[in-house]
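Before any comments, here is the structure.
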Amino acid sequence: MVIVMHEGATDAQIQNVIDRLVAAGFNVHRSTGESHTVLGAVGVHRDFDHRDFELLDGVREVMRITQPFKLASRQFRPEGTVVDLGRGVRIGGNDVVVAAGPCSVESREQIHAVAESVAKAGAKILRAGAFKPRTSPYAFQGLGEKGLQLMREAADKFGLCTVSEVMDPSQIRMMLGYVDMFQVGARNMQNYHLLRALGELQKPVLLKRGMSATMEELLLSAEYILAGGNYNVVLCERGIRTFETYTRNTFDIAAIPVIKKLSHLPMMADPSHGTGRRDKVAPMARAAVAAGADGLLIEVHNDPDHALSDGAQSLFPEQFAQLMGELRIIAPAIGRRMA
């Protein structure tokens, strides 16, 4: 249930509604917009009459939410959420924000070279993996904390924010000083123990759609983080597994406008994992921006032919620079701009 307060409702009126909701068995989440306050009431509770709340002082509207995702619903925050990473980087507003970098941190020379090239081309976030969940136990697993140190060093040098994947709750505390945003990968989208732990923070979280997950399942995974009190969640479409074998995954561009209508959370797109082919990344990136994505996650490597992971889907720096130029033409056509 969502309760929208009148513009100008007093703190006492808002608190009275919260107290009544708690007494009725709800957990209450408060969202304060530019003009009014919205209260999201979730949880298992006994039957109630929503008209009891409509008559309370300061209440403008009471809405029953039928979707299983309550806090992620567009009704909870109709104006949409903007997630602030710092350094002036905000995801979910008018700007389209690009995160770019290698699949994995491999060395100081590599990550500095890539960071310099993507920053020069207009990226605002350096993406790179230090812990890599690989299908094969014999594949490169990442440099761990040393990789995070190198990524942070390169990002600070070139004025970038950072995002990197967290695989286990035990890694969170160690990673806090290195990343501006935690990434939850496709394989961990339904790792509810990890999601609950991230919900206890206020650090932004990039939540990727699972390889076989429905849109509703993605939003329910986001609900775990939101229910913990962390509303700094950005969703990411990264392709799903279907019967098609020509591309690594099937990049579900339709998910972008659908989820943007269902949820207030910002939505990014990862055409690198979505296609798995370097020559398909740019077309899908352009299409994702046209479909309404709030940002992109692009893999870029200074020497992709010799990358330790995912070289086939990584752009050369000059290809990334060309793509950014194309996106600066597309974004204004739909009322957006490149950050």
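Here, each number is a calculation from the coordinates, and none is a lab measurement. Predicted model only: the values in this text are computed from it and were never measured. Ideal geometry is used to build each Cβ from the backbone, glycine not excepted, and the neighbour counts take in all protein chains shown.
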key: the range 140-291 - Rg (one decimal) and Dmax (whole number), Cα, Å   = 15.6, 44
query = With the dipole of the range 185-339 worked out from charges on the C-beta (+1 for Lys and Arg, -1 for Asp and Glu) around the Cα centre, which of V300, Q319, I240 lies farthest toward the positive end?
reply = I240
task = Restrict the search to the range 223-272; then list the GluC sites (Glu not before Pro) that DSSP places in a loop and that have at most 12 other Cβ atoms within 10 Å of their Cβ.
result = E244
Loop-located GluC sites (Glu not before Pro) in the range 112-221, at most 16 other Cβ atoms within 10 Å (DSSP) = E200
request  = Could you pull out the pairs from K70/K261; K70/K280; K70/K132 whose alpha carbons sit more than 24 Å apart here?
outcome  = K70/K280; K70/K132
ask   = Which residues make up the longest stretch of the chain that has no chymotrypsin sites (Phe, Trp or Tyr not before Pro) in a DSSP loop with at most 12 other Cβ atoms within 10 Å?
value = 1-137
request  = Tabulate in residue order the Karplus-calculated ³J(HN,Hα) for the range 187-202, using 6.51 cos²θ - 1.76 cosθ + 1.60 with θ = phi - 60°, rounded to whole Hz; enter x for Gly and Pro.
outcome  = 5, 10, 4, 10, 7, 5, 5, 5, 4, 5, 5, 5, x, 7, 9, 10
request  = With a cut-off of 17 Å, note down the residues of the range 221-238 whose backbone N falls inside the zone around a label point 7 Å from the Cα of T250 toward its beta carbon.
outcome  = 237-238
request  = First measure r as the distance between the Cβ atoms of S212 and V82, then evaluate 1/(1 + (r/R0)^6) with R0 = 30 Å and state the FRET efficiency to the nearest 0.05.
outcome  = 0.50
ask   = Using the alpha-carbon centroid of each, what span in Å lies between the range 99-144 and the range 177-256?
value = 19 Å
message = If you take every DSSP beta bridge fully contained in the chain, what fraction is antiparallel? Give it as a percent rounded to 5.
response = 40 percent
key: Spin-label zone in the range 280-300 - amide nitrogen under 18 Å from a point set 7 Å from the Cα of A139 along the C-beta vector   = 298-300
inquiry  = With just the Cα atoms defining each centre, how far is the range 269-301 from the range 1-61? Give it in Å.
reply    = 40 Å
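Just want to confirm a number: the relative contact order over the chain, from Cα pairs under 8 angstrom separated by 6+ residues, in percent.
17 percent
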key: Nitroxide proxy distance, nm - points 7 Å out along Cα→Cβ at D305 and D52   = 7.2 nm
